[in-house]
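The values are calculated or read from the model by the stated rules, or taken from the named source; none is laboratory data. Just so we're clear, the structure is a prediction, and the values are computed from it rather than from any experiment. Note that we place each Cβ from the backbone using ideal geometry, even for glycine, and neighbour counts take in every protein chain shown.
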Amino acid sequence: MDHRRKVCEQDLTWIKPSFLWMMYRCGWGTKHNQEIVLAVEISRVGFGWALRNACLSHYVPALHGDAAAWKRQLRQAPARVQWDPERDLCLNPLPYRSLQLGLAGEAAVRYADEWIVGVEDVTPLATEIHALVRAGDLERAAGMVPEERSLQLDDEVLAHLRA
């Protein structure tokens, strides 16, 4: 087994579809061991598979029944979803949430081997936008943030992931 496959089967790999949430997480690419920011494009089929096979990262009685059932589901699920506050250009929390998708086991292997269709180093873009934010030029900074479109999914895909 190659090293990449072994790592994918053991660790959780997180997909953060929101650019500004990712900037919050990595400190605009300035946090230790997070200095490189990559935009990874994955297939819609792969993203859908991960969502269909995901478990919420936190217990919700109305969805999971009892806590023990949720813990079993979480251990068995190859993907997990958590909802975190979206961020503005100054990385302040907004009143709505963005999906974070964690992949392990089969999902992480499929991600690495099948779902990735493109990778782009966006570190220079993150650095440039951050400089504009620090300089107070929020209008120019906002114009440089990559366009994010809502992904239209059938209700059944997310029903088990809404708190």
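Observations on the structure shown:
- For the range 132-161, the tally of residues that are within 18 Å of SER98 (Cβ to Cβ), at pLDDT 95 or above and assigned to a helix (DSSP H, G or I) stands at 1.
- Residue within the range 15-24 that is in a helix (DSSP H, G or I), at pLDDT 95 or above and of a type outside the set (A, V, I, L, M, F, W, C) present: yes
- Members of the range 127-163 found to be within 18 Å of the chain's Cα centre (by Cα), aliphatic (A, V, I, L, M) and closer than 18 Å to VAL37 by Cβ, listed by number: VAL145
- Any hit, the range 115-129, residues being at pLDDT below 95, hydroxyl-bearing (Ser, Thr, Tyr) and closer than 22 Å to ILE15 by Cβ: no
- Residue check for TRP49: of a type outside the set (Asp, Glu), crowded, with 19+ Cβ neighbours inside 10 Å and either in a helix (DSSP H, G or I) or modelled with pLDDT under 95 (or both): yes
- Take the conditions (1) surrounded by 13 or more Cβ atoms within 10 Å (Cβ to Cβ); (2) touching a residue at least 40 places away in the same chain (Cβ under 8 Å); (3) more than 16 Å from the chain's Cα centre (by Cα); (4) assigned to a loop (DSSP other than H, G, I, E, B); CYS90 misses just one of them, which is (1).
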